[in-house]
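Structure first, commentary second.
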Amino acid sequence: MNDIHIDADTKIRPIRSTDAQAFFELIDANRTYLKKWLTWLNSMSSTTAAERYIESRIRLADEKMGFCFLIFSKESIAGVIHLVDIDHANRKAMIGYWVGESFSGKGLATKATEVLLEFAAKELNLHRIEIRCAIGNKPSEAIAKKLSFLHEGVLRESEWLHDRFVDQNLYSKLI
């Protein structure tokens, strides 16, 4: 799969095994910032862990069951966007994303989500896309709202966030 150029400075491309070091460094540099909303940070403790994660994402892509893309701003890795929990029978999936703190507020995740929606519709023939984000995660909520996702409700205590359960907003879009 090729790079998908969004504009002159922004692109997404499938994650590669050669990205492990830079991917881990972005996570590690943003660990405190990301920990507020991401459940998996403790498991991403080394470049080796990043390599294992990337290999699992590559296998999912080979099976067309999930796709993980790096978000680039200019030539720097800014974050990640992925299409997961793909259900081909029901033509639906979920989008998740994050960007490093120095890249937040620049519209990168919004632009990447728009492109991934197009990929999901045209390349995978999906019909429904969900975004789930913890109550209070205003940046993720803003992306869903800006892209006209419908707020369907709240999933009570649906995610374990480090030391407690949190409620999640459920947004969906038909594509």
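Here, each number is a calculation from the coordinates, and none is a lab measurement. Just so you know, these numbers come straight off a predicted model, no measurement behind them. Please note: Cβ atoms are built from the backbone with ideal geometry, for glycine as well, and neighbour counts cover all protein chains shown.
At a glance:
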quantity: Restricting segment 39-92 to chymotrypsin sites (Phe, Trp or Tyr not before Pro) in coil, as DSSP defines it, with at most 13 other Cβ within 10 Å; calculated: 40
quantity: Anisotropy class of segment 79-175 from Cα gyration tensor, a/c 1.5 cut; calculated: oblate
quantity: Hydrodynamic radius of the chain per Kirkwood, over alpha carbon pairs, in Å; calculated: 16.5 Å
quantity: Kyte-Doolittle mean at least -0.5, axial Cα span of 18 Å or more - DSSP H helices of the chain; calculated: 108-122
quantity: Computed Kirkwood radius, in angstrom, where 1/r is averaged over Cα pairs of segment 36-125; calculated: 14.1 Å
quantity: Length added when fully stretched, residue 89-residue 65, from 0.36 nm per residue minus Cα-Cα; calculated: 7.5 nm
quantity: 12 Å beta-carbon shell around residue 49, net charge (K/R +1, D/E -1); calculated: -2
quantity: Cα-centred dipole magnitude for segment 1-134, charges only on beta-carbon of K, R (+1) and D, E (-1), debye, nearest 20; calculated: 320 debye
quantity: Under Karplus coefficients 6.51, -1.76 and 1.60, residue-wise ³J(HN,Hα) of segment 158-175 in Hz, glycine/proline x; calculated: 9, 9, 8, 10, 6, 9, 6, 7, 10, 7, 10, 7, 10, 10, 9, 9, 8, 10
quantity: GluC sites (Glu not before Pro) within segment 20-128, DSSP loop, no more than 13 other Cβ atoms inside 10 Å; calculated: 63, 75, 123
quantity: Amide H contacts of residue 15 (H built 1.01 Å from N, under 5 Å, at least 5 apart or other chain); calculated: 68, 69, 70
quantity: Translational diffusion of segment 91-135, µm² s⁻¹ [Kirkwood Rh, Cα pairs; Stokes-Einstein; 37 °C; 0.692 mPa s]; calculated: 284 µm²/s
quantity: Inter-label distance for residue 123 and residue 159, nm, one decimal - labels placed 7 Å from Cα along Cα-to-Cβ; calculated: 2.4 nm
quantity: In segment 1-107, trypsin sites (Lys or Arg not before Pro) in a DSSP loop with at most 13 other beta-carbon atoms within 10 Å; calculated: 16, 36, 64, 74
quantity: Antiparallel DSSP beta bridges within segment 1-154, percent to nearest 5; calculated: 90 percent
